[in-house]
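Chemist: Handing you this structure, nothing more for now.
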Protein chains: 2
Amino acid sequence: MTESDWLTAFESALEDGDVAAATTLFHDGSYWRDLIAFTWNIVTFESRTAIADMLKARLGDVRPRAFRLDGTEGWFTFETAVGRGRGQLRLKDGKASTLFTALMELKGFEEKAGPTRELGVVHGAMRGRETWTDRRNADAEELGITRQPFVLVVGGGQGGIALGARLKRIGVPALIIDRLPRPGDAWRRRYKSLCLHDPVWYDHLPYLPFPDHWPVYTPKDKMGDWLEAYTKIMELDYWSSTTCQKATWDEAKQEWRVVVERDGKPLTLHPKHLVLATGMSGFPTVPRFPGADLFKGRQHHSSQHTGGEGWAGKRCVVIGANNSAHDIAADLWEHGADVTMIQRSPTLVMRSETLAHSRALYSEEAVKSGIDADTADLISASLPYALLPSVVQPFVAKSRQDDAAFYERLAAAGFMLTFGEDESGIGPMYARRGSGYYIEVGASELIANGDIKLCSGVEVARLAEDGVILSDGRELKADLVVYATGYGSMNQWAAALISPEVADKVGKVWGLGSDTAKDPGPWEGELRNMWKPTAQDGLWFHGGNLAQSRHYSRYLALQLKARLEGLPTPVYGRAAVHHRA
Amino acid sequence: MTESDWLTAFESALEDGDVAAATTLFHDGSYWRDLIAFTWNIVTFESRTAIADMLKARLGDVRPRAFRLDGTEGWFTFETAVGRGRGQLRLKDGKASTLFTALMELKGFEEKAGPTRELGVVHGAMRGRETWTDRRNADAEELGITRQPFVLVVGGGQGGIALGARLKRIGVPALIIDRLPRPGDAWRRRYKSLCLHDPVWYDHLPYLPFPDHWPVYTPKDKMGDWLEAYTKIMELDYWSSTTCQKATWDEAKQEWRVVVERDGKPLTLHPKHLVLATGMSGFPTVPRFPGADLFKGRQHHSSQHTGGEGWAGKRCVVIGANNSAHDIAADLWEHGADVTMIQRSPTLVMRSETLAHSRALYSEEAVKSGIDADTADLISASLPYALLPSVVQPFVAKSRQDDAAFYERLAAAGFMLTFGEDESGIGPMYARRGSGYYIEVGASELIANGDIKLCSGVEVARLAEDGVILSDGRELKADLVVYATGYGSMNQWAAALISPEVADKVGKVWGLGSDTAKDPGPWEGELRNMWKPTAQDGLWFHGGNLAQSRHYSRYLALQLKARLEGLPTPVYGRAAVHHRA
């Protein structure tokens, strides 16, 4: 059976409401990943039975039709009762091994772009004319003051900004608040040498791609400035210097009561929806070592470390061995400090150049062959999480081989390596726990050649007045101790801004249920609570890296738009909450 | 003969240095337009003899080769000794009726974009690391202070900014200065209801197109904000609040001595090249009417008119009947003023909607069929100016017919119409004199229905204490007189900033030599002095509408880059200077 035959048979079965016939078209161990097109949810069905159950429950509402192949490799378009979608089909021996469906737009609420863009001017003469600027200024002045936003986005980093742009394009009144003075400040405030670790093709924001001279690895200040310009260009409603103090769900009114402080003044907002886009990390995790209060040097968490300036000739101990630990250790070394890293557990290290080869979809070659970031995002999303490890394991194996000399030198220096519990590398590890790795851009070489000293396989026993005492009894004299010990989870934000009860009700955010370190089972097959309805009405989580913020902001925005317009949005296949925050 | 055969024969003749054979491939009345590829000049040859002369003089240097058709409709690529070009051939009965050649890049000095973009970070660890921001800040702080710019661009509107971006991409140290506090202020300061009169597809800046929801007619403040963001994103060296006081050419040093005032402090710059990008208009032209000093109301030039606010119920007289006059009259009417327009000579009026139909190359349909702004620019440029009227006359004739009712009503109100001396409409009129027309977006309707009163075919005799006295004896009571009487030419800037002698030496800027109103002959076939070498070493003029600023900035930037890199740039076919400034 060809893809075309399959789609015809599938459509015909769906039209007839013949779930059995539709289901026969799938292998038993097949996958159907749906991004809100059939389920108003982000969910992957991993068996024929699960697919059948979903179809039985949803076919009547969804009324899918008009499946048409639209290009290469099984990609197709389709329609539902309320929208238009894209999908992808992979066949094996004439039956579906994976199906992917994604809602791309809502009928009647399409983005005004290209031929439907606004005119910008009203031709003809009229008294009391309101210009674009009048309207924009009035809008900005009213929103949050005399007119409530439908959506409040807490956090104005790339995630909140990308979502804000999506919402603006489909006419959802949204307000973004951020505690810092200017959009982009979260980047500007990081240590001086920081550049994005992902290459440019992976990092575009929606609608306005970087110009084609943009450097491969965007320097942090340049990224900050881009975000600021983007916010202005897209006419986002963005309140800077504004902190969220407390959010309470009003069950009766079905809306939030959010107390914020804007430029130091309190103000209450009443949005229908609250999006936490506070970064996928929660609060800094600072271990409490005995004796920390005795230590006479400086000690701070990596989030408070602004750079190596001023530490030349000083003894610096960095506790931790993931990305921040490496970046900070290298930066301190570059500024002439004497640096020791304490590695307590194995780290996944991949060389940046090697990793870039695994991202063929996001590359100059992809661009040349017509695959822009949006297309690459869809292709990436079409692969079920369950299949990701098997797809990337061969790449990891090859990288270990290609970079064998590098890994040997690292190991010889005592560095403890891992490639993930199932040898699947950074991608799955990021989805599972969001940390645990370092993308090598220089620090590993410093460790290998001894420029950065390493104490591995040890714990910190306690701090003394003048340094750190390790579990094996060694003493490290120190003027500075940096806790590169990571962050809590996004749930902490929900607990702090709303309540511990709501955070527990919603459960763990991020992770797949892979039953690997920091990602307890049972298997969920999707990132928990991300970009989709949670157990708390009106509460949403948004974030991830730039590619995720770009891609999934589309589906979150469509879900919010549907609710704004009063479309029925019955959520199918909600994951049970197994883990408290 | 097919296009492919023609190019093969042409290349072979050129390779053999056989000018006679090459020339036989052209009709006698054929045209060859060259944008710096063969001539280091912008010039159109309008006869077989002229083509033969050029080839005799230039073949040895240029060494053109590798002519290859690269798409539809006669488009081809080619190489010269120093660069790569694109061109277009139109055949009639097997011989060339028009040939177009344009240099697109210099070998060894290509823009760093796509696969050759910068890395943005230097991987590895190094002490004394200089980050992107360090380098950018150092660059910005040094340029014009401890390090001289190769190019000084006077005027930071869209022209200067587009050129600045081109120069930045090919590594020409350039400084843009502008008298206003922020990039984009020239737009922000205009009257409130102003929007671009050209549609969005025509208005993109280089490298960073507007996102596809951008309105068709960009409101002026939005345009100002875009220019400001663009300046920052492209990392242009832009000094705002800086005026050029005096520029002097130092013949011995072959450089300029330019006194500027930056934030009120004098400073001297020594660029090798000076680009006047001060707008294609010179200084406001304010007629001196007898009695102007007696008039007790307010009188100002259109350039000083900020809008209709405050003029409700007042009697306002607008002298002039071109774009500004119409826009200002309509804006005053919208604010409740009693408005009279004084039309002294016929005006070319085209309805905006009608005009948009004549711009098929710059439209949503064009974008859909793969014609972006850069492609459309090349297609437009491939038509010699001499052929433009005959191409556009049919459109003008059709528009007159389609809009006959509109024109009849305007005429019935006494409005004096023209469609150009040869009925060729706005395009040619803009190239010839840069003014004389109005694109109807509402004011004509107000005139037709009498909301804006009209006195036409009269002159202003004098001003009285309380109004304007016309040549036919009529008296118009007035609280406000707006002189929408246009601007002088760009030459005025050269005269004021450099000297009247240099302005005269360079001669008239803009115009084709069409021997129509304000464009005296002899025929030149190109815009005088625009984007190409002038009679004054190191002096260049840049400007025009957004499309011209975008397109011709490429060739001006390449000419400057060639000079920076010391490539030989012998200029062929310099136009004689027939007209003093």
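The values are calculated or read from the model by the stated rules, or taken from the named source; none is laboratory data. As the structure is a computational prediction, the values presented were derived from the model and not from experiment. Glycine gets a Cβ as well: all are built from the backbone with ideal geometry, and neighbour counts include every protein chain shown.
Chemist: Using the structure shown, decide if residue B:242 is polar (S, T, N, Q) and within 14 Å of another protein chain (Cβ to nearest Cβ).
Modeler: no
Chemist: Continuing with the same structure: Taking residue A:261 as the residue in question, decide whether it is free of Cβ contacts under 8 Å to residues at least 60 places away in the same chain and under 21 Å from residue A:493 (Cβ atoms).
Modeler: It is true that residue A:261 is free of Cβ contacts under 8 Å to residues at least 60 places away in the same chain and under 21 Å from residue A:493 (Cβ atoms).
Chemist: Which of (1) closer than 30 Å to residue B:177 by Cβ; (2) in contact with a Ser or Thr (Cβ under 9 Å, 6 or more places away or on another chain) is the odd one out, the single condition residue B:279 does not satisfy?
Modeler: Every listed condition holds for residue B:279 apart from (2).
Chemist: To continue, here is another question. Going by the conditions given, is residue A:272 within 14 Å of chain B (Cβ to nearest Cβ) and under 24 Å from the mean Cα position of the chain (by Cα)?
Modeler: Criteria not met by residue A:272.
Chemist: Counting only residues that are in contact with a His (Cβ under 9 Å, 6 or more places away or on another chain) and at pLDDT 95 or above, give me the strands (runs of 3 or more DSSP E) lying completely in segment B:464-571 with at least 2 of them.
Modeler: Counting at least 2 such residues, we get B:480-483, B:539-541.
Chemist: Of the residues B:495, B:448, which single one is in contact (Cβ under 8 Å) with a residue 40 or more places away in the chain, aliphatic (A, V, I, L, M) and under 30 Å from residue B:527 (Cα atoms)?
Modeler: Of B:495, B:448, the one residue that is in contact (Cβ under 8 Å) with a residue 40 or more places away in the chain, aliphatic (A, V, I, L, M) and under 30 Å from residue B:527 (Cα atoms) is B:495.
Chemist: Taking residue A:205 as the residue in question, decide whether it is closer than 29 Å to residue A:329 by Cβ, touching a helix residue (DSSP H, G or I) at 6+ places or on another chain (Cβ under 6 Å) and within 12 Å of chain B (Cβ to nearest Cβ).
Modeler: no
Chemist: Pick out the one residue from B:457, B:450, B:414 that is more than 30 Å from residue B:384 (Cβ to Cβ), within 14 Å of chain A (Cβ to nearest Cβ) and out of contact with any Phe, Trp or Tyr (no Cβ under 6 Å at 6 or more places or on another chain).
Modeler: Only one candidate qualifies: B:450.
Chemist: Does residue B:336 satisfy the criteria of being in contact with a His (Cβ under 6 Å, 6 or more places away or on another chain) and part of a loop (DSSP other than H, G, I, E, B)?
Modeler: So residue B:336 does not fit the description; no.
Chemist: Hey, can you tell me all the residues within segment A:451-489 that are in contact (Cβ under 8 Å) with a residue 24 or more places away in the chain and of a type in the set (D, E, K, R)?
Modeler: Matches in segment A:451-489: A:451, A:453, A:459, A:462, A:465, A:466, A:477, A:479.
Chemist: Report, by residue number, each residue of segment A:84-109 that is surrounded by 13 or more Cβ atoms within 10 Å (Cβ to Cβ), over 25 Å from the mean Cα position of the chain (by Cα) and either under 24 Å from residue A:557 (Cβ atoms) or free of Cβ contacts under 8 Å to residues at least 12 places away in the same chain (or both).
Modeler: The one that is surrounded by 13 or more Cβ atoms within 10 Å (Cβ to Cβ), over 25 Å from the mean Cα position of the chain (by Cα) and either under 24 Å from residue A:557 (Cβ atoms) or free of Cβ contacts under 8 Å to residues at least 12 places away in the same chain (or both): A:109.
Chemist: In this structure, is residue A:229 under 22 Å from the mean Cα position of the chain (by Cα) and either over 28 Å from residue B:223 (Cα atoms) or at the interface with chain B (Cβ under 8 Å from one of its Cβ atoms) (or both)?
Modeler: Working: under 22 Å from the mean Cα position of the chain (by Cα): yes; either over 28 Å from residue B:223 (Cα atoms) or at the interface with chain B (Cβ under 8 Å from one of its Cβ atoms) (or both): yes.
Spelling it out, residue A:229 is indeed under 22 Å from the mean Cα position of the chain (by Cα) and either over 28 Å from residue B:223 (Cα atoms) or at the interface with chain B (Cβ under 8 Å from one of its Cβ atoms) (or both).
Chemist: Looking at A:312, A:337, can you tell me which residue is at negative phi, of a type in the set (Gly, Ala, Ser), within 14 Å of chain B (Cβ to nearest Cβ) and in contact (Cβ under 8 Å) with a residue 60 or more places away in the chain?
Modeler: A:337
Per-residue answers, yes or no, for (1) within 14 Å of chain A (Cβ to nearest Cβ); (2) of a type outside the set (A, V, I, L, M); (3) in contact (Cβ under 8 Å) with a residue 40 or more places away in the chain; (4) touching a helix residue (DSSP H, G or I) at 6+ places or on another chain (Cβ under 8 Å):
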site: B:296; (1), (2), (3), (4): no, yes, yes, no
site: B:302; (1), (2), (3), (4): no, yes, yes, yes
site: B:307; (1), (2), (3), (4): yes, yes, yes, yes
site: B:322; (1), (2), (3), (4): no, yes, yes, no
site: B:344; (1), (2), (3), (4): no, yes, yes, no
site: B:353; (1), (2), (3), (4): yes, yes, no, no
site: B:356; (1), (2), (3), (4): yes, no, yes, no
site: B:366; (1), (2), (3), (4): yes, no, yes, yes
site: B:369; (1), (2), (3), (4): yes, yes, no, no
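To keep it simple, each residue is scored yes or no on (1) free of Cβ contacts under 8 Å to residues at least 40 places away in the same chain; (2) charged (D, E, K, R); (3) buried (at least 18 other Cβ atoms within 10 Å of the Cβ); (4) more than 30 Å from residue B:193 (Cβ to Cβ).
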{"residue": "A:125", "(1), (2), (3), (4)": "yes, no, yes, no"}
{"residue": "A:129", "(1), (2), (3), (4)": "yes, yes, yes, no"}
{"residue": "A:136", "(1), (2), (3), (4)": "no, yes, no, no"}
{"residue": "A:139", "(1), (2), (3), (4)": "no, yes, no, no"}
{"residue": "A:146", "(1), (2), (3), (4)": "yes, no, no, no"}
{"residue": "A:155", "(1), (2), (3), (4)": "no, no, yes, yes"}
{"residue": "A:169", "(1), (2), (3), (4)": "no, yes, yes, no"}
{"residue": "A:172", "(1), (2), (3), (4)": "no, no, yes, no"}
{"residue": "A:182", "(1), (2), (3), (4)": "no, yes, no, yes"}
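Quick grid of which residues meet (1) over 17 Å from residue A:410 (Cα atoms); (2) of a type in the set (Phe, Trp, Tyr); (3) buried (at least 19 other Cβ atoms within 10 Å of the Cβ):
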{"site": "A:330", "(1), (2), (3)": "no, no, yes"}
{"site": "A:335", "(1), (2), (3)": "yes, no, yes"}
{"site": "A:340", "(1), (2), (3)": "no, no, yes"}
{"site": "A:359", "(1), (2), (3)": "yes, no, no"}
{"site": "A:364", "(1), (2), (3)": "yes, no, no"}
{"site": "A:380", "(1), (2), (3)": "yes, no, no"}
{"site": "A:385", "(1), (2), (3)": "yes, yes, yes"}
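Chemist: Just to confirm my filter: which strands (runs of 3 or more DSSP E) fall fully inside segment A:202-294 and include at least 1 residues that are modelled with pLDDT of 95 or more?
Modeler: Per the criteria, A:242-250, A:255-262, A:265-269, A:273-276.
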